[in-house]
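Everything on this sheet refers to the single structure shown next.
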Amino acid sequence: MSAKGGVGKSVISSLLAIALSRDHDTLLVDLDIHTMALPKLFGYDGVLHEVSKEGIIPFRIAQKLKLLTLGGVVKGRTVILPGRNQERVMESLLGTGAIKEDVIVFDLPPGLGDEILVLEKVTDFLPLVVTNPSTLSVRVVEYLLKYLEEKGKNPLLIVNMSFMKCGSEVIRPFGSLNEQVSRRGLQIVELPMDETLNRFVGKIQEYRGNLLDEMYKLSSIINERMR
Ligand SMILES: Nc1ncnc2c1ncn2[C@@H]1O[C@H](COP(=O)(O)OP(=O)(O)OP(=O)(O)O)[C@@H](O)[C@H]1O
Ligand SMILES: [Mg+2]
């Protein structure tokens, strides 16, 4: 989750679910009912979910990885949802989805909206808050961190696009992380930029780049925290 848009929530939730699915039956749930980026990332754009007596059958991406998305219900159609209906749509997706997996990764839209309230209602969760190191993103995300702290949650802070390697040199295009956030005492995970990511839109399950290695490390941290 993040209070800020475009910081990498969908990419990170996808790659994290791929990494977690090495050891666990994993379900990736697309709670961004406005843009539905996940079917686009995995090559399921315009594909409909099958429905059985058990409910909506998530897409099987790999042996231990499935994807549940409103995109698989509305196909590629645009749906404009008035605010009061959004919560119901999300709850219906979760309520009618045939969910059996041990681990669920939720991709959320930016902001502090209904989806966080829905999540709080339906499950206990470990918040992974994503930002990039830019001062503006960090300031926006601080509101969310404060909210989660007030709710007694201990979020993990993912600082995406923190650095890139050019030969032996490490470049930090956004500069260093704002000190105010470092001081909050949160566990922080910095992720690199990877310019090859673009090539995997529509087949992200085939990505084997350095972000995936970081996701295996993140999975271990999450396993530890969820124990
Ligand atoms: N570590 C990275 N290296 C290179 N490109 C990245 C990285 N992380 C994300 N991107 C790119 O940044 C863009 C935004 O990523 P993404 O859609 O995952 O963000 P988001 O936070 O989910 O956005 P939204 O708020 O719209 O849901 C995409 O084009 C994605 O490929
Ligand atoms: Mg997204």
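Every number in this text was worked out from the coordinates using simple rules, so none of it is lab data. Predicted, not measured: the structure shown is a model, and the values here were computed from it. Note: ideal-geometry Cβ built from the backbone for every residue, glycine included; neighbour counts use all protein chains shown.
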- request: Specify the angular offset, from 0 to 90 degrees and rounded to the nearest 10, of the alpha carbon long axis of helix 210-226 from the longest principal axis of the alpha carbons in the chain.
  value: 80 degrees
- line: So Cys166 and Asp23, fully extended at 0.36 nm per residue minus their Cα-Cα distance, gain in nm 48.2 nm
task: Starting from the Cα of Lys151, draw a straight line to each of the aspartates and glutamates and keep only those under 19 Å, dropping any in the same chain fewer than 8 residues away.
output: Asp114, Glu115, Glu120, Asp124, Glu142
field: Linear extension gain, Thr135 paired with Val79, 0.36 nm per residue minus alpha-carbon span
entry: 16.8 nm
- request: Assign one of three labels to the stretch 120-216, namely rounded, prolate or oblate, based on the Cα gyration tensor with a ≥ b ≥ c the square roots of its eigenvalues; rounded applies when a/c is under 1.5, prolate when it is not and a/b is larger than b/c, and oblate otherwise.
  value: oblate
- request: Using Cα centres only, tell me the gap between the stretch 118-139 and the stretch 34-96 in whole Å.
  value: 21 Å
message: I'd like the orientation of helix 135-150 relative to the chain: the angle between its Cα long axis and the longest Cα principal axis, in ° from 0 to 90, rounded to 10.
response: 60 degrees
task: Quick one: among Ser137, Ser52, Ser168, which has the greatest mean-square fluctuation in a GNM of the chain with alpha-carbon springs under 10 angstrom?
output: Ser168
- prompt: Separation between the Ile57 and Phe125 pseudo-spin-labels, each 7 Å from Cα along Cα→Cβ, expressed in nm?
  reply: 2.6 nm
query: Using Cα atoms only, what is the angle between the long axis of helix 9-20 and the major principal axis of the chain, expressed in degrees (0 to 90) to the nearest 10?
result: 80 degrees
Cα-centre dipole for the stretch 9-226 with unit charges at Cβ (Lys and Arg positive, Asp and Glu negative), debye to 20: 240 debye
message: I want to check the label-to-label distance for Tyr143 and Thr96. Put each point 7 Å from Cα in the C-beta direction and report it in nm to one decimal.
response: 3.3 nm
- prompt: Quick one: which of 207-215, 193-201 comes out on top by average Cβ neighbours within 10 Å, and what's the full order, highest first?
  reply: 207-215, 193-201
- request: May I ask you to work out the translational diffusion coefficient for the stretch 9-226 at 10 °C, viscosity 1.306 mPa s, via Stokes-Einstein with Rh from the Kirkwood sum over Cα pairs, reported in whole µm²/s?
  value: 87 µm²/s
- request: Under 1.5 on a/c is rounded, so check that first for the stretch 31-95, then, if it is not, pick prolate when a/b is larger than b/c and oblate when it is not; a ≥ b ≥ c are the square roots of the alpha carbon gyration tensor eigenvalues.
  value: oblate
- prompt: Which shape class applies to the stretch 61-172: rounded if a/c is under 1.5, otherwise prolate when a/b exceeds b/c and oblate if not, where a ≥ b ≥ c are the square roots of the Cα gyration tensor eigenvalues?
  reply: prolate
field: Nearby lysines by direct alpha-carbon distance to Lys100 (threshold 17 angstrom, same-chain neighbours under 8 apart not counted)
entry: Lys53, Lys64, Lys66
field: Residues of the stretch 17-60 with amide N under 13 Å of a point placed 7 Å along Cα→Cβ from Lys217
entry: none
task: Write down the percent of antiparallel bridges among all DSSP beta bridges whose residues are both part of the chain, to the nearest 5.
output: 30 percent
message: Students often forget the sequence filter, so: which aspartates and glutamates lie under 15 Å Cα-Cα from Lys217 once same-chain residues fewer than 8 apart are removed?
response: Asp23, Glu190
